[in-house]
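Working notes, beginning with the structure itself.
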Amino acid sequence: MKSKINQWWILVIMGLLLTATGIFLMTKPVGTFLGLTIMFGWLIFSVGGLNVVFAIQNKSYFKDWIWYLLLGIIEMVIGVALLFQPDLSASSLIIFTGMWMMFTAISRINGAIVLKKLGDPYWGAYLILGILTFLFSFLIIINPIFAMFAIVYSVAIPIILAGVTIMYFGFQIKKLAA
């Protein structure tokens, strides 16, 4: 028994908004990257503030609370520095992204070795993805322009894909629940 689902079009509008936003982000890579660097600074500042609150709230429960307090203060100082020095924030975001991808790639390469030892016939594909990720991370670290576009597209493309899939879902609901 089919039940009628109302307002399927809300999903389509959500999908359109997401898709349009992703496309807009891709057409304005410099502005998008600058926005991401500001978000990066606020993120580090906010995490630092939460570490300070956590340390103070739990100082009577464990003796090493001071390390969370110090970490939080350092993170807040770094966050403020990143917010007031956009060039530093942009460089930090590039280095952070490149290093994170590099460590991820090394983990994938190691994972491929583990898969080979376990007898997985597709371990080579995992190894190739790890090597490609490593090369991509290296390009991010050595080429700031490539890095900016890579970071922007890494944000924009999933937003577009989410928008398209939400629109598809909305149209499928309309068709199937009518």
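Got a sec? Which of ILE173, ILE145, ILE166, ILE151 is closer than 16 Å to THR27 by Cβ and either assigned to a helix (DSSP H, G or I) or not acidic (Asp, Glu) (or both)?
ILE151 is the lone residue from the list that is closer than 16 Å to THR27 by Cβ and either assigned to a helix (DSSP H, G or I) or not acidic (Asp, Glu) (or both).
With respect to ALA105, determine if the residue is more than 15 Å from the chain's Cα centre (by Cα) and either at pLDDT below 95 or surrounded by 16 or more Cβ atoms within 10 Å (Cβ to Cβ) (or both). Quick ask: steps written out before the conclusion?
Details: more than 15 Å from the chain's Cα centre (by Cα): yes; either at pLDDT below 95 or surrounded by 16 or more Cβ atoms within 10 Å (Cβ to Cβ) (or both): yes.
In short, yes.
Would you mind finding the one in PHE136, PHE169 that is modelled with pLDDT under 95 and farther than 23 Å from LEU93 by Cα? If you could, list the steps in order and put the result at the bottom.
Numbers: PHE136 fails: farther than 23 Å from LEU93 by Cα.
Selected residue: PHE169, the only one of PHE136, PHE169 that is modelled with pLDDT under 95 and farther than 23 Å from LEU93 by Cα.
Here are some residues: TYR122, TYR126. Which one is more than 18 Å from ILE145 (Cα to Cα), of a type in the set (Phe, Trp, Tyr) and surrounded by 15 or more Cβ atoms within 10 Å (Cβ to Cβ)? Let's see the steps before the verdict.
Details: TYR122 fails: surrounded by 15 or more Cβ atoms within 10 Å (Cβ to Cβ).
Going through TYR122, TYR126 in turn, the sole match is TYR126.
Where residues in segment 93-124 are among the charged types (D, E, K, R) and not in a loop (DSSP other than H, G, I, E, B), which of them is farthest from LEU34 (Cα to Cα)? Don't jump to the end; show me each part of the working.
Filtering segment 93-124 down to residues among the charged types (D, E, K, R) leaves 108, 116-117, 120.
This time we only want the ones that are not in a loop (DSSP other than H, G, I, E, B), so: 108, 116-117.
Values: ARG108: 30, LYS116: 42, LYS117: 44 Å.
Step by step, filter segment 93-124, then rank; the result is LYS117.
The values are calculated or read from the model by the stated rules, or taken from the named source; none is laboratory data. Only a predicted model underlies this, so the values are computations on that prediction, with no experimental measurement involved. Neighbour counts run over all protein chains shown; Cβ positions are idealised from the backbone, glycine included.
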